[in-house]
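Student: After the structure tokens below, expect a handful of questions from me.
The values are calculated or read from the model by the stated rules, or taken from the named source; none is laboratory data. No experiment lies behind these values; they were computed from the predicted model shown. For neighbour counting, all protein chains shown are included, and Cβ atoms are generated from backbone atoms with ideal geometry for every residue, glycine included. Each accessible area value is taken on the protein alone, full model and side chains, heavy atoms only, with ligands, DNA and RNA left out. Shrake-Rupley method; radii C 1.70, N 1.55, O 1.52, S 1.80 Å.
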Amino acid sequence: MAKETKYSICFWCKPRCRLKVEVEDNRLIKMATSPIKACPRKYCSDLERFYHPDRLDYPLKRVGDRGENKWQKITWDEALDEIAYKLQALKDQYGAETLAVTHGTSRTYEELNSRFLNLFGSPNQCGQAQICHGNSAVVATALFGWWPYWMNVEKLENTRCLMLIGRNPPHSHQTIWEGYLKARKTGTKLIVIDPRRSESAAEADLWLQIRPGTDAALLLGMMNVIIKEKLYDKAFVRDWCHGFDALSERVKEYPVEKVSEITWVPADQIVAAARMFATETPSCAMEGMGVAHQPNSYSPIAARHIISAIVGNVDVPGGEELMGPAPFITEHEIEMAEALPREQRSKILGNQFRLYTWPGYELIQKNVERVWGKRCDMFGYTCMATAPSVYKAIAYDDPYPVRALITVSSNPMVTIPNTKLVYKALKSLDLYVVADYFMTPSAQLADYVLPSALWLERSFLWNYHNTTPVIRAGEAALPPSIPGMYDRRNDYDFWRGLGIRLGQEEYWPWETVEDYYDYRLEPLGITFGELVKKGKIITKKSEYKKYEKTGFGTPTGKIELYSTVMENLGYDPLPHYKEPPESPTRTPDLAKKYPLVLITGGRFHPFFHSEHRQVETLRKRYPWAKMQINPETARDLGLKNDDWVWIETQHGRVMQKVLIDKDIDPRVVHAQHGWWYPEMPGEEPWLHGVWVSNINVCTAGDEETCDEALGSWPLRTFQCKVYKVESFNGDHPLAK
Ligand SMILES: Nc1nc2c(c(=O)[nH]1)N[C@H]1C(S)=C(S)[C@@H](COP(=O)(O)OP(=O)(O)OC[C@H]3O[C@@H](n4cnc5c(=O)[nH]c(N)nc54)[C@H](O)[C@@H]3O)O[C@H]1N2
Ligand SMILES: Nc1nc2c(c(=O)[nH]1)N[C@H]1C(S)=C(S)[C@@H](COP(=O)(O)OP(=O)(O)OC[C@H]3O[C@@H](n4cnc5c(=O)[nH]c(N)nc54)[C@H](O)[C@@H]3O)O[C@H]1N2
Ligand code: SF4
Ligand SMILES: [Mo]
């Protein structure tokens, strides 16, 4: 067969580049390099990853005890028949809510998880969206009536000041960083709020080295300055903001000296940042996981939107543009939320967190629909069961039995807090199904492990969950299935196959994922195949100040500085600061035993969460997990670079290697997340080394520590201690 050229969308990291791929006789020959300079693919050959011997080739059924790593190869039809049969039996016994589905971070067709689950009758869709950008999406939609168009990096040309709050795009969103570097040539200023001197902080005009978990106080302090010095946009605030007087009262509680004490940021820097953000306009704030992973994350996320609104950034070029829905069938329309009976909705696990569950959803989306004609995708998943509540329910039948779990594109044993709870839960399930590319510590605990088509083997339509007007299409460059070699399927076929077996046939009319995308593109008058050839389509032009005609999609029709949605749900309508659940002032005894503040999970190339650890070329360069510690602290603890240390919190301890970092605050340490060691044995107790360096052994997500409105769980700000690993047991793989 002759060489062919195809175009696929790469899912290794966030830019989601569309890449030219050369194939011959169903073999990958070559892939184009990325248009992104900081592309992690340059560290290893695509062939090495794609043709990795550890890739899953056929469906596997557990034959030994759970966790024994004994499997039998079965066919897809056998797997789907058996799973469907067991799901129906569990539903008959316990009710549909006994099934939960957990997903990862938008790597596949997650809207289909919801569709399947809504039709099945369970409200228990959970996963990473709730701590990833999903909580920002929900807060933004509640306050602004739409989620700002944050992936439009071209807008940065018009942005005079970018403020990154707990976000480090050189490693996490390279497109944003490239956009900023271009804008900087025209003088765009940069403020970075980060406890570490991240790559972004190193380039900043102002770097505020904040105490972890205190961003709400800092932003309220900045607003105190802006309001006191009358630097806000008076006309916009008067005409288009609801609750300015209440906000002005609230910020009086946050004078800069007090805020400086809370946040460790010098008062003059707080003032300077406030003035810069308010006067170098249009300015634009982008919050990241440094904020989303704090306890009480609602407040800093709300404060970040409010500060932007009062200086007049909303829906202006270079500011917080509100796009509205792209004119095609959105993910939200596919989810079929309306199919879930009301009685089932109320059973959603974590229903005490009312903003991110049905009560909030209804209040928010009703108004969004009024203005925009459609509901907001809100990061794909509009209502989420809180993950720690789901694992608690599984482990303890509390508040009711959850006996079945399906994991698609996630590795909860590594990426969900409190690994011990996740482990207990997964071990106790009646049915656990995992779809992945590779065997993982989570998959080792499953009853069925299903081999998924990698991004090179599947078609995909990408538009950042309706936050950009750009829709991109990539095709399956290679067949997912080659008789005699492997039989993988894309996740669309998995959900459809299961849905059909469970009586959902009429709702899955599209035989292939390409047919499904044809349907979604119909309103644009283009087919999926045509869009693949074209590459991308821009569905609408930027239009600004649309609110002048329509108002905002909120209950008051204005930007809600004072959130009537939050008020209605019984929460504080204004942002406020609360000490983290573990902190030197709130839990002084704990802080005596565990004196350092632990932050986790700062992104780093070439890894993406727990992925790519099996790629030898990468592991040669990055063999082990690393933690950053200040030289003074290291000296006091007798530690030097490359020592193995224990990082211990009240929840657990793991080992990582020391990386001395002169710029991290001496009171703070940072541990990488996502670590497991595929080369370590798969069976228990090893589960591929999941207990060795995985920092989520040291985190906890008890419902009491989750954000009271959003249900998002903290992954940073734990009190810890650090000490040297003196020696390894003789049989430990690291002893060799
Ligand atoms: N301590 C700590 N924990 C964290 C974080 C942190 O900062 N600190 N960050 C959190 C955040 S923001 C996120 S988003 C999560 C990420 O958490 P997860 O999404 O669970 O990330 P991964 O561990 O990479 O799991 C993805 C798995 O899905 C597989 N996979 C990839 N693409 C596909 C696909 O298309 N289909 C299928 N079926 N499988 C696929 C991969 O092989 C991998 O095993 O981690 C969270 N956990
Ligand atoms: N290479 C790579 N790229 C990725 C990912 C990956 O795993 N690898 N994951 C993707 C995903 S799903 C996500 S969600 C994004 C996340 O990407 P980002 O939002 O950029 O998040 P992080 O890099 O986790 O954290 C950003 C910064 O927050 C700081 N920080 C920690 N605690 C605090 C705090 O209390 N306050 C403040 N202000 N800052 C704090 C950290 O020091 C870190 O430098 O990255 C995406 N891109
Ligand atoms: S690895 Fe990331 S930057 Fe490189 S091509 Fe893939 S998506 Fe783009
Ligand atoms: Mo994320």
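Student: Measure off 7 Å from each Cα along the Cα-to-Cβ vector at Ser542 and Glu203, then give the distance between these two points in nanometres to one decimal.
Tutor: My value for the distance between the label points is 1.9 nm.
Student: Between Glu157 and Met485, what is 0.36 nm times their sequence separation minus the Cα-Cα distance? Round to one decimal in nm. Could you put the intermediate results ahead of the total?
Tutor: Details: separation 328, 0.36 × 328 = 118.08 nm, distance 4.95 nm.
113.1 nm is the gain from fully extending Glu157 to Met485.
Student: Under 5 Å between amide H atoms, partner at least 5 residues away or on a different chain: which partners does Thr407 have, H built in plane at 1.01 Å?
Tutor: Under 5 Å from the amide H of Thr407: Thr102, Val433, Val434, Ala435.
Student: Charges on Cβ only, +1 for Lys and Arg, -1 for Asp and Glu, centred on the Cα centroid of segment 29-130; of Gly95, Leu47, Leu60, which one is farthest towards the dipole's positive end?
Tutor: Leu47
Student: Next up: About the Cα centre of segment 588-735, how large is the charge dipole given +1 on each Lys and Arg Cβ and -1 on each Asp and Glu Cβ? Please answer in debye to the nearest 20. List each step's numbers first, then the result.
Tutor: Numbers: 17 positive and 21 negative charges, 132 e Å.
Approximately 640 debye in magnitude.
Student: For the chain, take N as its residue count and report Rg(C-alpha) divided by 2.2 N^0.38 Å.
Tutor: On the way: Rg = 24.7 Å, N = 736, 2.2 N^0.38 = 27.0 Å.
Cα Rg divided by the expected 2.2 N^0.38 Å: 0.91.
Student: Ratio to report: Rg/Rh of segment 595-685, with Cα atoms as the point set and Rh obtained by the Kirkwood method; give two decimals. Kindly include the intermediate steps, with their values, before the conclusion.
Tutor: Numbers: Rg = 13.8 Å, Rh = 14.1 Å.
Rounded to two decimals, Rg/Rh equals 0.98.
Student: Whose amide H sits under 5 Å from the amide H of Leu208, counting only residues 5 or more places off or on another chain, with H placed in the peptide plane?
Tutor: Val192, Ile193, Asp194
Student: With only Lys, Arg, Asp and Glu charged, each at its Cβ (+1 for the first two, -1 for the last two), find how big the charge dipole of the chain is about the Cα centre; round to the nearest 20 debye. Can you show the working numbers first?
Tutor: Numbers: 90 positive and 94 negative charges, 357 e Å.
Here the chain has a charge dipole of around 1720 debye.
Student: Rounded to the nearest 0.05, what FRET efficiency is calculated for Lys230 and Lys640 with R0 set to 35 Å and r the Cβ-Cβ distance?
Tutor: Numbers: r = 53 Å, r/R0 = 1.50.
In this case the efficiency is close to 0.10.
Student: Continuing with this model, one more query. Percent antiparallel among DSSP beta bridges with both residues in segment 588-735, to the nearest 5?
Tutor: On the way: 15 of 23 bridges.
Of all bridge pairs located within segment 588-735, approximately 65 percent are antiparallel.
Student: Additional query: Along segment 294-301, what does the Karplus equation 6.51 cos²θ - 1.76 cosθ + 1.60 (θ = phi - 60°) give for ³J(HN,Hα), rounded to whole Hz, x for Gly and Pro?
Tutor: 7, x, 6, 6, 3, 5, x, 5
Student: Among Leu659, Val692, Gly674, which residue has its Cα positioned farthest towards the positive end of the charge dipole of segment 588-735, with +1 placed on the Cβ of Lys and Arg, -1 on the Cβ of Asp and Glu, and the dipole taken about the Cα centre?
Tutor: Most positive-ward Cα: Leu659.
Student: For segment 557-685, calculate the relative contact order in percent as a whole number, restricting contacts to Cα pairs under 8 Å that are 6 or more residues apart. Display every interim value, and only then the final one.
Tutor: On the way: 165 pairs, mean separation 35.9, N = 129.
Relative CO of segment 557-685 lands at 28 percent.
Student: Label point 7 Å out from Arg184 along Cα-to-Cβ: which residues of segment 36-56 have amide N under 16 Å?
Tutor: Hits in segment 36-56 for Arg184 at 16 Å: 37-38.
Student: Can you work out the Karplus-derived ³J(HN,Hα) for every residue in segment 577-582? Use 6.51 cos²θ - 1.76 cosθ + 1.60 with θ = phi - 60°, whole Hz, and x for glycine or proline.
Tutor: Running phi through 6.51 cos²θ - 1.76 cosθ + 1.60 with θ = phi - 60° gives 9, 10, 4, x, x, 10 Hz.
Student: Hey, can you grab everything whose amide H is under 5 Å from the amide H of Asp377? Only 5+ residues off in sequence or another chain; H modelled, so Pro and N-termini drop out.
Tutor: Those qualifying (amide H under 5 Å, at least 5 residues apart or on another chain) number zero.
Student: Let's test the formula: R0 of 25 Å, r as the Cβ-Cβ distance of Asp589 and Leu659. What FRET efficiency results, to the nearest 0.05?
Tutor: The pair Asp589/Leu659 has a calculated efficiency of 0.25.
Student: Pull out the extension gain between Lys30 and Arg342, defined as 0.36 nm times the separation in residues minus the alpha carbon to alpha carbon distance; nm, one decimal.
Tutor: Details: separation 312, 0.36 × 312 = 112.32 nm, distance 5.10 nm.
Length gained, Lys30 through Arg342: 107.2 nm.
Student: Going by a ≥ b ≥ c, the root eigenvalues of the Cα gyration tensor, does segment 156-311 fall in the rounded group (a/c under 1.5), the prolate group (a/b larger than b/c) or the oblate group? Working shown, then result.
Tutor: On the way: a/c = 1.67, a/b = 1.24, b/c = 1.35.
Oblate.
Student: With +1 assigned to the C-beta of every Lys and Arg and -1 to the C-beta of every Asp and Glu, and no other charges, what is the dipole magnitude of segment 4-50 about the Cα centre in debye, to the nearest 20? If you can, show how the numbers build up before the last one.
Tutor: On the way: 11 positive and 6 negative charges, 81 e Å.
Charge dipole, segment 4-50, about its Cα centre: 380 debye, nearest 20.
Student: Could you tell me how far the Cα centroid of segment 292-306 sits from the Cα centroid of segment 678-706, in Å?
Tutor: Value for the Cα centre distance between the two parts: 27 Å.
Student: Highest mean first, how do 357-365, 331-339, 292-300, 509-517 rank when packing is the count of other Cβ atoms within 10 Å averaged over residues?
Tutor: Values: 357-365: 21.1, 331-339: 18.6, 292-300: 26.7, 509-517: 16.8.
Result, highest mean first: 292-300, 357-365, 331-339, 509-517.
Student: For a bin width of 5 Å, list the pair-distance distribution of segment 561-638 built from all Cα-Cα distances, rounded to whole %.
Tutor: 3, 10, 12, 10, 12, 12, 14, 12, 8, 6, 2
Student: So for each of 710-723, 661-674 I average, over its residues, the number of other beta carbons within 10 Å; can you give me the resulting order with the highest mean first? Provide the component values of the computation, followed by the final result.
Tutor: Details: 710-723: 25.4, 661-674: 20.4.
Ranked from most to least packed, the peptides come out as 710-723, 661-674.
Student: Relative to the present Cα-Cα distance, how much length would full extension add between Asp57 and Glu679 at 0.36 nm per residue of separation? Provide the component values of the computation, followed by the final result.
Tutor: Working: separation 622, 0.36 × 622 = 223.92 nm, distance 1.84 nm.
Once the chain is fully extended between Asp57 and Glu679, it gains 222.1 nm.
Student: Next question, about the same structure. Cα centroid distance between segment 337-383 and segment 66-84, in Å?
Tutor: One Cα centre to the other: 35 Å.
Student: Between segment 104-140 and segment 3-27, how many Å separate their Cα centres?
Tutor: Using only Cα atoms to place each centre, the spacing works out to 27 Å.
Student: Once phi is turned into ³J(HN,Hα) by the Karplus curve 6.51 cos²θ - 1.76 cosθ + 1.60 with θ = phi - 60°, what whole-Hz value does each residue of segment 250-261 show in order, with x for glycine and proline?
Tutor: 3J(HN,Hα) across segment 250-261, in whole Hz: 4, 5, 4, 6, 10, x, 4, 5, 5, 5, 4, 5.
Student: Taking Cα pairs under 8 Å and at least six residues apart, what relative contact order does segment 168-311 come out at, in percent?
Tutor: It rounds to 27 percent for segment 168-311.
Student: OK, next. In nm, give the distance between the simple-model label positions of Asn69 and Gln93, each being 7 Å from the Cα along the Cα-to-Cβ direction.
Tutor: 3.0
Student: With a 1.4 Å probe and all protein chains kept in place, how do Tyr149, Tyr400 rank by accessible area, largest first? Don't skip to the end; give the middle numbers.
Tutor: Working: Tyr149 15, Tyr400 40 Å².
Largest accessible area first, the list is Tyr400, Tyr149.
Student: I would also like to ask the following. If I take every Cα pair under 8 Å that is 6 or more residues apart in the chain, average their sequence separation and divide by the length, what percent do I get for the relative contact order?
Tutor: Numbers: 1613 pairs, mean separation 140.5, N = 736.
Computed over the chain, the figure is 19 percent.
Student: Debye sum, Cα scatterers, segment 1-47, no solvent: what log₁₀ I/I(0) at q = 0.14, 0.21, 0.28 1/Å?
Tutor: Taken in order of the listed q values, log10 I(q)/I(0) reads -0.34, -0.71, -1.10.
Student: Under a 1.4 angstrom probe, counting protein chains only, how are Ser428, Ser283 ranked by accessible area, largest first? Mind showing how you got there, number by number?
Tutor: Details: Ser428 40, Ser283 0 Å².
So the residues, ranked largest to smallest area, are Ser428, Ser283.
Student: Moving on to the next point. With a sphere of radius 11 Å drawn around the Cβ of Arg41, what net charge do the other residues whose Cβ falls strictly inside it have (Lys, Arg +1; Asp, Glu -1)?
Tutor: Working: positive: Lys42, Arg49; negative: Asp46, Glu48.
Spelling it out: positives minus negatives among the neighbours equals 0.
Student: Further question: Using the Cα centre of segment 400-539 as origin and beta-carbon charges of +1 (Lys, Arg) and -1 (Asp, Glu), tell me which of Leu461, Leu429, Ile526 is placed farthest towards the positive end of the dipole.
Tutor: Among Leu461, Leu429, Ile526, the one farthest towards the positive end of the dipole of segment 400-539 is Leu429.
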